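Working notes, beginning with the structure itself.
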Amino acid sequence: MKIKKVASELELERVVAGDEAAEVTGVHVGDLLSNVMSRAQAGDLWITIQGHQNVAAIALLTEVAGVVVAEGLDIDDDTIVKAEEKGINLYQSQLSSYQLAGQLYDLGIK
Amino acid sequence: MGSNADSKEIINAEVEAGDFSSGGEISSKLKDLLRKLGTSSKLIRKIAIITYELEMNIIIHSEGGSLAAEVNPGRIDIIARDEGPGIEDVDKAFKPGYSTASESVREMGFGAGMGLCNIKNYADNLEVESELGVGTTIRASIDLK
């Protein structure tokens, strides 16, 4: 499913639009960055509660389809600037990581 | 190992201590470079994980250093050098979950004691030299097969 469609289904708030035609092929939920670095796969939608700029670096290196910052937590301005520079899809949601993961599962992303 | 006629350094950049804003930049540059050289995605992923961990370790734990990548026959070496403080107990540092990171660093999602384990898991060969008060050099080799 294209990330644009996923974002609309989950009512994600778009913070930075990168390539919204990117295909979401899986999901990774994680806040420990070394773990995300080694486990997230290219094409995953990464759900996290981290909003600092290293999130953008990891998103770029892992080639995830996009990042969702859960629980309505703040996203640093530096993160937004970096995501814009690198064309990373960045979203925000008031929902918890658990709720988001559940909805993605229901959408058929397994 | 080390530099010889068959060895080609493709990147060598300084890493500043505490410079979180640049974290991952050298890893990204190396990744782009490897892609241009036609390296497979699977290898690039391994190398990116190792390079990122080494880069962040210099930023988080050291007093500054450098990160380099060398293409050697049959393998790529990633070399992280720093100017201290050195690792007190290398065996302990490789224990999963062991970390000396500060609380503020942990809040950012680092310092979970996974970095060196990741490097060990993804490298085909790993050499660590560390001396207190002098510095640490880590050479991680990845086979090109």
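Our helix-only sum for chain A, with -39,500 (n - 2.57) per DSSP H run of n ≥ 4 divided by its residues, gives a mean residue ellipticity at 222 nm of -11000 deg cm²/dmol. Within straight-line reach of B:Lys145, meaning a Cα separation under 15 Å, sit the following aspartates and glutamates at least 8 residues removed in sequence or on another chain: B:Asp77, B:Asp124.
Name the residue, out of B:Ala112, B:Ala48, B:Ala80, whose mean-square fluctuation peaks in a Gaussian network model built on chain B with Cα pairs under 10 Å. With Cα springs under 10 Å in chain B, the top fluctuation among B:Ala112, B:Ala48, B:Ala80 is at B:Ala112. A Förster distance of 30 Å, applied to the separation of the beta-carbon atoms of B:Ser102 and A:Gln103, puts the FRET efficiency at 0.25.
Taking the helices alone, chain B has a mean residue ellipticity at 222 nm of -10000 deg cm²/dmol, built from -39,500 (n - 2.57) per DSSP H run of at least 4 residues and averaged over all its residues. Modelled label positions at B:Asp124 and A:Thr25, each set 7 Å beyond Cα in the direction of Cβ, lie 2.4 nm from each other.
Beyond 27 Å, how much of the Cα-Cα pair distribution for chain B remains, as a whole percent? It would help to have the intermediate numbers written out before the result.
Working: 1659 of 10440 pairs.
Beyond 27 Å sits 16 percent of the P(r) for chain B.
Taking a sphere under 13 Å around the Cβ of B:Gly115 and counting the other residues whose Cβ falls inside, with K and R at +1 and D and E at -1, yields a net charge of +1. Dividing the mean sequence gap of close Cα pairs (under 8 Å, 6+ apart) by how many residues region B:50-145 holds gives a relative contact order of 34 percent. With contacts taken as Cα pairs under 8 Å at a separation of at least 6 residues, chain A carries a relative contact order of 31 percent.
Which value in Å is the Kirkwood Rh of region A:3-106 over different Cα pairs? After inverting the mean inverse Cα-Cα distance, the result is 13.0 Å. With just the Cα atoms defining each centre, how far is region B:103-145 from region B:25-81? Give it in Å. One Cα centre to the other: 12 Å.
Value of Rg to Rh for the protein assembly as shown, rounded to two decimals, is 0.98; Kirkwood radius and Rg both from alpha-carbon coordinates.
Per-residue mean of foreign Cβ neighbours for A:54-60 is 6 (Cβ atoms of other chains, 10 Å radius).
Placing pseudo-labels 7 Å out from each Cα toward the beta carbon at B:Lys92 and A:Asp74 gives an inter-label distance of 3.5 nm.
Filter B:Lys46/B:Lys95; A:Lys4/B:Lys36; A:Lys5/B:Lys29; A:Lys4/A:Lys110 down to the pairs with a C-alpha to C-alpha distance above 22 Å, please. Could you put the intermediate results ahead of the total?
On the way: B:Lys46/B:Lys95 20 Å; A:Lys4/B:Lys36 29 Å; A:Lys5/B:Lys29 31 Å; A:Lys4/A:Lys110 18 Å.
Those over the limit are A:Lys4/B:Lys36; A:Lys5/B:Lys29.
Any read-out appearing in this document is the output of simple, stated calculations on the displayed coordinates, not a laboratory observation. Note that this is a predicted model, so its numbers are computed, not measured. Every residue, glycine as well, gets a Cβ built from its backbone with ideal geometry; the counts of neighbours run over all protein chains shown.
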